[in-house]
1. If you bin every alpha carbon distance in the range 351-419 into 5 Å steps from zero, what whole percent lands in each bin?
2. When only alpha-carbon atoms are used, what values of Rg and Dmax, in angstrom, describe the range 187-279?
3. Show me, for the range 282-298, the HN-Hα J-couplings you get by feeding each phi into the Karplus relation (A = 6.51, B = -1.76, C = 1.60, θ = phi - 60°), rounded to Hz, glycine and proline as x.
4. When only DSSP loop residues count, what GluC sites (Glu not before Pro) in the range 428-490 have their Cβ near at most 10 other Cβ atoms within 10 Å?
5. Once the piece of chain linking ILE328 and THR431 is laid out straight, how much longer is it, given 0.36 nm per residue of separation minus the C-alpha distance between them?
6. Which value in deg cm²/dmol, rounded to the nearest 500, describes the helix-derived mean residue ellipticity at 222 nm for the chain, given -39,500 (n - 2.57) per DSSP H run of n ≥ 4 and division by the residue count?
7. With a 1.4 Å probe and all protein chains left in place, how much of the accessible area of the chain comes from carbon and sulfur atoms, in whole percent?
8. Just grab the label-to-label distance for GLU134 and LYS536, each label 7 Å out from Cα along the Cβ direction, in nm (one decimal).
Amino acid sequence: MAKYIFVTGGVTSSLGKGIIAASLAKLLQARGLKVTIQKFDPYINIDPGTMNPYEHGECFVTEDGAETDLDLGHYERFLNIFTSQANNVTTGRIYQTVINKEREGAYLGKTVQVVPHITDEIKRRMLQLGKSAEFDIVITEIGGTVGDIESLPFVEAVRQLQWELPEEDTLVIHLTLIPYLRAAKELKTKPTQHSVKMLSQEGVHPDIIVCRTEKELTPELRRKIALFCNVKLEAVIEAADAQTIYEVPLLMMREKLDVISMRKLNIVTTKEPELSKWKEFLDKLKYPKYRVTIGLIGKYLELQDAYKSILESFIHAGAMNECQVQIINIHSEFITDTNVAEKLNGLDGLLVAPGFGHRGVEGKIVAVKYARENGLPFFGICLGMQMAAIEFARNVLGLKNAHSTEMDPHTNEPVIDLMEEQNAVTLKGGTMRLGSYPCVIKENSLAHKIYGTTSINERHRHRWEFNNKYLADYENAGMVASGKNPGTNLVEIIELPSHPFFVGVQYHPELKSTVENPQPIFVHFVKAAKAYAEKKSETKSPLLHGELN
Ligand code: GLN
């Protein structure tokens, strides 16, 4: 039987509950415990798949094809494990299950209510992952902020579980903010006191309070928080702002978050956390020897969270190359034939991002053309790969009207077309090609060199595909389909052997990059950008352009 840790949040949203949960999980995992994390989100959508990135940031996709909250990406990147549909539950999904059961007659004769029927379903799902012997500890992050109407049933479920399970099998951590008032030159604990009071009124008392703060918590402040929030002094944990999220596990270790958690859960281990690989990564990240500049061509650039996994993949791949990867966001809508050289000036590599709909696609196509013609390392992901295929069709194969039927349903050159099975799809939620699919790689291709194997699995989230009717024309003109789905022959990877680095992938490689296993295409793309930067500098100055001093 596993033990359960619940993480709630107070005062404000965006305090980084996911990072605190993932950091604690990392420390416990580094002590030899088997840990997983799940997130319960209080919104009514069945999953975030139908939300636009401006609403909810990136939609993270798991191996089993679940469209989930981006915090699951942090869990996977920190823990180097796979999560699944079971790791992300929303209010919508809970209600859907209960309502379906009601229609089936499972509650015949009864009035179906929030308590106990909704809370029972929440509890069932909270305990689910801990039922197998697979995990010693299940951490549950409760989305939203304590005091919100919609998170009440989740807090109530935690209250009931604390009552039902043995004392040493549950632990509640509350993450709050200790704001600094510049005018008073003081950190303020009152919002935290109120938030803990609110949580207590809902029946849950935290065992540990993690305090986000810009300034150091003095011993007096810690005492004050402990006294007024009724927790042990040692259970007041400082979470200072960190330079990078990857430093947070070490900050939490210094604050003994893992030790105090294990004490409450009655877990005895003499093993100290084994974090040598993590620290090695952190060292490389903090003290890079080189720098490259990569242009990220997308359309949700105002929001960092929209391309979260891509940005994190660059951090992993950069560290592996001892290279700082500076990302320049470039709005595809504003790129034209006349300004492209100026817009992409100074870049060492170009990444064309995933996306949906027609806004900004022509700018992406112009950017791909520039990269192809100028030997600038290019990496296209999903829509980015489709844009590379369209660009090649228009400008190399001479098919001027080439397009994707997503943007131009009546094009007479549909080089990107809807998959057969997608034609009949009418529902929007969860109906894309989702999750992990196999891909067979052509021997001696660049993809083969990158992956070091001919058989891979990568995750998908799209409806449109490369149209195989045009494949022979592409290959005759020098573009190689170096990865294909073995069952359906769908093209998964395209590359240009005549170019220093030109790779487009229909899948989402960024979803599988972790600190311990940086994604190989990102690693090689950064390496290619480094080589490009060096070559550029040789022609300009004797100093290595990419080298930091
Ligand atoms: N809109 C494209 C499709 O559905 C690409 C999707 C994506 O980039 N994730 O095929």
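1. 4, 19, 31, 27, 15, 4, 1
2. Computed over the Cα atoms of the range 187-279, radius of gyration and Dmax are 14.5, 43 Å.
3. 4, 4, 5, 5, 7, 10, x, 9, 10, 9, 10, 10, 10, x, 9, 8, x
4. Working: sites: GLU443, GLU458, GLU465, GLU475; in loops: GLU443.
For GluC sites (Glu not before Pro) across the range 428-490 that sit outside H, G, I, E and B with at most 10 neighbouring Cβ atoms in 10 Å, the list reads GLU443.
5. On the way: separation 103, 0.36 × 103 = 37.08 nm, distance 3.28 nm.
That pair, ILE328 and THR431, stretches by 33.8 nm at full extension.
6. Details: 18 runs with 190 residues, N = 549.
So the calculated ellipticity at 222 nm is -10500 deg cm²/dmol.
7. Details: 12130 of 23760 Å².
Solvent-exposed carbon and sulfur of the chain make up 51 percent of the total.
8. Reported label-point gap for GLU134 and LYS536 is 4.5 nm.
The values are calculated or read from the model by the stated rules, or taken from the named source; none is laboratory data. For clarity, every value in this text was computed on a predicted model and none was experimentally measured. Here Cβ is always computed from backbone atoms with ideal geometry, including for glycine, and neighbour counts include all displayed protein chains. To get the accessible areas, we keep the full protein, side chains included, count just its heavy atoms, and leave off ligands, DNA and RNA. Shrake-Rupley method; radii C 1.70, N 1.55, O 1.52, S 1.80 Å.
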